[in-house]
Amino acid sequence: MADHDAFAVFVDASSRGLLRAAWLLTGDWALAEDLAQTALAATWQRWTTLDGIEQPEAYVRRVMVTTYLRWNRRRWRGEIPSARLPERPAEDATLARVELVDAIDAALSVLSPRQRAVVVLRYFADLSEVQTAAALGCAVGTVKSHAAKALAKLHEVPGLAEIMEGSHHE
């Protein structure tokens, strides 16, 4: 029962951050919830063997990224439904926030799954290159290469810089 309680406390403390990271990886809230839940379920199965691990959230992130990359390799991408409406309602703060989220999602969608994972872990989760490499199971040089290529692609996204500068003023 102590294991169950410790895991429940861990899930309560970390699920919000894990869900945000999952959304940044997938770009879809429903898929992000599935990804976070799948990673937490896999972690629960090994929870007793993780006793004493200093950063269980890092372990869950690694499971999440590995699962995301595995799903992405086998996922059909012929049609992607969109929740965006063609008509635009009147401007307000909520709409501006939604547009910012949509712009970030659209920008991240130009990246390969590996590049997206590196960007999410390095710049959203604020992991070091070494921690990102550990989470992805690759060399630090690979992380640097993916980050450089991803940032170059993101710099080419029309209007992204202006959108991000505008979000700092809110």
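If you put +1 on each Lys and Arg Cβ and -1 on each Asp and Glu Cβ, how big is the dipole of region 2-74 around its Cα centre, in Debye rounded to 20?
460
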Completion exercise
Fewest to most Cβ atoms within 10 Å: Tyr123, Tyr68 sort as Tyr123, Tyr68
Practice task
Could you tell me the largest-minus-smallest coordinate of the C-alpha atoms of region 2-74 on each of the three principal axes, in descending order and whole angstroms?
Solution key: 35, 21, 17
Fill in the blank from the handout: Exposure proxy check on Arg116, Arg62: fewest-to-most Cβ neighbours within 10 Å is Arg62, Arg116
Completion exercise
Fewest to most Cβ atoms within 10 Å: Thr48, Thr43, Thr66, Thr132 sort as Thr48, Thr66, Thr43, Thr132
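No lab work stands behind these numbers, since they all come straight from the coordinates. These numbers were taken from a predicted model, which means no experiment stands behind them. Neighbour counts are summed over all protein chains in view; Cβ atoms, including those assigned to glycine, are modelled from backbone coordinates with ideal geometry.
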